[in-house]
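Novice: Dropping a structure here in structure tokens format, bear with me for questions.
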Amino acid sequence: MSSNQNTFDNIGQQSSDAFNQGYNTLSNSISSAKESLNAGVDDLTKNVEGTKSFLDSNTMVVKFGFLILVVIVFTFLIRVGITLIAYFTQPGKHPYVVQGLLDGTEPVVVSQDPKSADYTPIFKSNNENTGLEFTWGVWLRMGKEVPSGTKYNHIFSKGDAPTGVDNLDVVNNSPGLYYGPSTNQLYVKMNTVKANDPTNTVTVDNIPIMKWFHVAIRMKNTVMDVYVNGTISGRAVLDHTPKQNYQDVVVNQNGGFAGKLSDLRYFAKALNVFEINSIVNNGPNMSTSKYATGVGEEDYYGYLSNIWYSSKV
């Protein structure tokens, strides 16, 4: 009996010792945390008092430093504001020159004069890593009749209106797109700094008749590629630097061509083949252009699929 009593006493004593030890440890931890917190508060108070003392001082160094800080912040905010204003107000670099459907015989002049109501800015290619680059794209639907005679049919050109005996602009094609003559072919011309440069043209034969197709004229450095429905159909490697200009964009001049066009657009970069095919897959815009006077949406079906088109004619 005495042995059992001793055992219980030992267990009680051990439990009491463990409790006291845990209590002391917890008390020490709390005291240490309080001391650390008090030390941190004291440091913060000292820093605040030091900062307040620094700001309250009347030395020239403090005033000059504060003035420099204000100027730096103000300059930064001004630059950010100017950047945001320019971003939201500047014209786009990939504008629609003619958006929507337009008859091929309706002449249009898209001005490059900022004061004009019809101003659509076409920015010259500048400081690109690989040299000059841009892309022009347009949807076309040629009429049943192939143009006769010896004169080209004007579709569009960046430059002066065509004045040559063959209805070509001799000097300022940047680029120029023409139809014919006497055949269903497209004639693309890009003037260079050399007059009468024989290497600055691309001819695309056997273009579709009475069916929508897309033409992309892609310039990169001195290489001009012409894509029809997303497939490269002609290339010219120019011997001289392409000649850009600040002239208007003229469309359907001197009678234009028998057919329709849609979404004449300029891109201030050389589109890759995936970007061109994305445009092709979206199809032509059948909404009437603001420049149109009498063209409607009806009966202008048929593009890309020969089988679907043949069932309609």
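The values are calculated or read from the model by the stated rules, or taken from the named source; none is laboratory data. Note that the structure is a prediction, hence the values are computed from the model and not measured. In this analysis, Cβ positions are derived from the backbone assuming ideal geometry, glycine residues included, and neighbour counts consider all displayed protein chains.
Novice: I'd like the full set of residues that are in contact with an Asp or Glu (Cβ under 9 Å, 6 or more places away or on another chain) and not in a strand (DSSP E or B), limited to region 95-115.
Specialist: Ser111, Gln112, Asp113
Novice: Restricting to region 130-162, and then to whatever is among the aliphatic types (A, V, I, L, M) and in a loop (DSSP other than H, G, I, E, B), can you tell me which residue is nearest to Phe257 (Cα to Cα)?
Specialist: Only one residue tops the list, namely Val146.
Novice: While we're here: Taking region 186-203 as the region of interest, how many residues are surrounded by fewer than 17 Cβ atoms within 10 Å (Cβ to Cβ) and of a type outside the set (Val, Ile, Thr)?
Specialist: Residues flagged as surrounded by fewer than 17 Cβ atoms within 10 Å (Cβ to Cβ) and of a type outside the set (Val, Ile, Thr) within region 186-203 amount to 4.
Novice: If I filter region 155-196 down to residues being within 15 Å of Gln244 (Cα to Cα) and acidic (Asp, Glu), which single residue comes out as modelled with the lowest pLDDT?
Specialist: Once the filter is applied, the top-ranked residue is Asp169.
Novice: Using the structure shown, decide if Thr105 is loosely packed, with under 13 Cβ neighbours inside 10 Å and polar (S, T, N, Q).
Specialist: no
Novice: Which count do you get for residues in region 235-253 that are assigned to a loop (DSSP other than H, G, I, E, B) and touching a Lys or Arg at 6+ places or on another chain (Cβ under 6 Å)?
Specialist: So the count comes out to 2.
Novice: So which residues in region 192-234 are under 26 Å from the mean Cα position of the chain (by Cα) and in a loop (DSSP other than H, G, I, E, B), if there are any at all?
Specialist: Asn221, Thr222, Asn229, Gly230
Novice: Something else: Only residues that are crowded, with 23+ Cβ neighbours inside 10 Å and in contact (Cβ under 8 Å) with a residue 60 or more places away in the chain: list them for region 170-179, please.
Specialist: Once the filter is applied, which keeps residues that are crowded, with 23+ Cβ neighbours inside 10 Å and in contact (Cβ under 8 Å) with a residue 60 or more places away in the chain, region 170-179 yields Ser174, Tyr179.
Novice: Same structure again: Scan region 163-175 and give yes if some residue there is in the same structural domain as Gly255 (by TED's automatic domain parsing), outside any loop (DSSP other than H, G, I, E, B) and under 15 Å from Phe134 (Cβ atoms), otherwise no.
Specialist: There is no residue in region 163-175 that is in the same structural domain as Gly255 (by TED's automatic domain parsing), outside any loop (DSSP other than H, G, I, E, B) and under 15 Å from Phe134 (Cβ atoms).
Novice: Hey, can you tell me all the residues within region 259-313 that are at pLDDT 90 or above and part of a strand (DSSP E or B)?
Specialist: Gly259, Lys260, Leu261, Ser262, Asp263, Leu264, Arg265, Tyr266, Phe267, Thr288
Novice: Out of all the residues in region 235-258, which are at positive phi and surrounded by fewer than 19 Cβ atoms within 10 Å (Cβ to Cβ)?
Specialist: If the condition is that a residue be at positive phi and surrounded by fewer than 19 Cβ atoms within 10 Å (Cβ to Cβ), then Asn254, Gly255 are the ones that fit.
Novice: Looking at Val251, Val237, Val223, which is the one that is farther than 18 Å from Ser125 by Cβ and of a type outside the set (Gly, Ala, Ser)?
Specialist: Val251
Novice: Then there's this: Listed residues Thr241, Thr222, Thr231; which is within 16 Å of Ser174 (Cβ to Cβ), modelled with pLDDT of 90 or more, in the same structural domain as Leu132 (by TED's automatic domain parsing) and of a type in the set (S, T, N, Q)?
Specialist: Answer to the check: Thr222.
Novice: Pairs please, first residue from region 142-163 and surrounded by fewer than 19 Cβ atoms within 10 Å (Cβ to Cβ), second anywhere and charged (D, E, K, R), Cβ atoms under 9 Å, 6+ apart in sequence or on different chains.
Specialist: Close Cβ pairs satisfying both conditions: Gly143/Lys260; Thr150/Asp166; Asp160/Asp169; Asp160/Asp248; Ala161/Asp169; Ala161/Asp248; Thr163/Asp169.
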